[in-house]
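Below is one structure, written out as structure tokens; the observations come after it.
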Amino acid sequence: MKILFVCLGNICRSPTAEAVLRTMAAREAPELTLEVDSAGTAAYHVGEPPDPRTRAAAARRGYDLEPLRARVIASADFERFDLILAMDAQNLRVLRQRAPRAAHERLRLLLEFAPEGELREVPDPYYGGPNGFEHVLDLIEAAVRGLLAHLRQRARAA
Ligand code: 4NP
């Protein structure tokens, strides 16, 4: 199963989701064979490591974002990945514009996998304060737990 997370800059939310899924899957679902990646819809930060505030907040919870570098989503990604999970509605709209029809059923919001009552979107933390980065981590950790349950079910059904 190949999972791609997508946000705007690929330096805050989607690299966080990438590291959280990798870490949680290794610990809680080692039977799943996952390929995990992330990308942005905008090119402002291509080639850069994740934002220092994102790296620090993630590191405090045991997630290593150091090796990651920002990239933009490419047309080949729409063929390659089984699930393409956007962090917010705006980025989902951009994905729908760029993806071929056949890929649309693989485009979702990450927070569809979060528990009932959670937000639907992971808010952009870039221009906010430090609490925003903790909130991003809380939302992503909860959604990735739900995503892992979904992936286990899919693996059993396959
Ligand atoms: P991300 O956050 O989409 O979660 O990586 C942002 C990063 C950079 C910018 C906006 C959001 N920016 O405007 O440069």
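Summary table below
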{"item": "Candidate set from region 72-92 (those that are surrounded by fewer than 19 Cβ atoms within 10 Å (Cβ to Cβ) and acidic (Asp, Glu)); member that is farthest from Val136 (Cα to Cα)", "result": "Glu79"}
{"item": "Search result, residues across region 1-21 that are crowded, with 18+ Cβ neighbours inside 10 Å and away from the ligand (no atom under 16 Å from the Cβ)", "result": "Ile3"}
{"item": "Matching residues in region 83-98 - criterion: being within 23 Å of Met1 (Cβ to Cβ) and away from the ligand (no atom under 12 Å from the Cβ)", "result": "Leu83, Ile84, Leu85, Leu92, Leu95, Arg96, Arg98"}
{"item": "Failed item, numbered, when Glu48 is tested on (1) within 15 Å of the ligand (Cβ to nearest atom); (2) surrounded by 15 or more Cβ atoms within 10 Å (Cβ to Cβ)", "result": "(2)"}
{"item": "Residues (within 16 Å of the ligand (Cβ to nearest atom), without any contact (Cβ under 8 Å) to a residue 24 or more places away in the chain and in a loop (DSSP other than H, G, I, E, B)) located in region 99-155", "result": "Leu119, Tyr127, Gly128, Gly129"}
{"item": "Residue in region 106-117 that is loosely packed, with under 13 Cβ neighbours inside 10 Å, in contact with a helix residue (DSSP H, G or I) (Cβ under 9 Å, 6 or more places away or on another chain) and under 20 Å from Leu34 (Cβ atoms) present", "result": "no"}
{"item": "All positions within region 40-67 that are more than 24 Å from Glu112 (Cβ to Cβ) and of a type in the set (A, V, I, L, M, F, W, C)", "result": "Ala43, Val46, Ala56, Ala59"}
{"item": "Among the candidates Tyr126, Tyr63, residue that is farther than 20 Å from Ala25 by Cβ and hydroxyl-bearing (Ser, Thr, Tyr)", "result": "Tyr126"}
{"item": "Residues of region 22-38 that turn out to be touching a helix residue (DSSP H, G or I) at 6+ places or on another chain (Cβ under 8 Å) and more than 10 Å from the ligand (Cβ to nearest atom), as a count", "result": "9"}
{"item": "Single match in Arg69, Arg53, Arg96 (criterion: surrounded by 14 or more Cβ atoms within 10 Å (Cβ to Cβ) and either part of a helix (DSSP H, G or I) or touching a Pro at 6+ places or on another chain (Cβ under 7 Å) (or both))", "result": "Arg53"}
{"item": "Residue match in region 123-135 (condition: open to solvent by 10 Å² or more (accessible area, probe 1.4 Å) and touching a strand residue (DSSP E or B) at 6+ places or on another chain (Cβ under 9 Å))", "result": "yes"}
{"item": "Residue satisfying all of: in region 34-45; open to solvent by 50 Å² or more (accessible area, probe 1.4 Å) and in contact with a strand residue (DSSP E or B) (Cβ under 6 Å, 6 or more places away or on another chain); farthest from Asp124 (Cα to Cα) among these", "result": "Glu35"}
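This table checks each residue for (1) polar (S, T, N, Q); (2) more than 13 Å from Ser14 (Cα to Cα); (3) in contact with a Lys or Arg (Cβ under 8 Å, 6 or more places away or on another chain).
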{"site": "Glu48", "(1), (2), (3)": "no, yes, yes"}
{"site": "Arg55", "(1), (2), (3)": "no, no, no"}
{"site": "Gly62", "(1), (2), (3)": "no, yes, no"}
{"site": "Val72", "(1), (2), (3)": "no, no, no"}
{"site": "Asp82", "(1), (2), (3)": "no, yes, yes"}
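The values are calculated or read from the model by the stated rules, or taken from the named source; none is laboratory data. This structure is a prediction, so every number in the text was calculated from the model and none was measured. Cβ atoms come from the backbone with ideal geometry, glycine included; neighbour counts cover every protein chain shown. Surface areas here come from the heavy atoms of the whole protein model, side chains and all, with no ligands, DNA or RNA. Shrake-Rupley method; radii C 1.70, N 1.55, O 1.52, S 1.80 Å.
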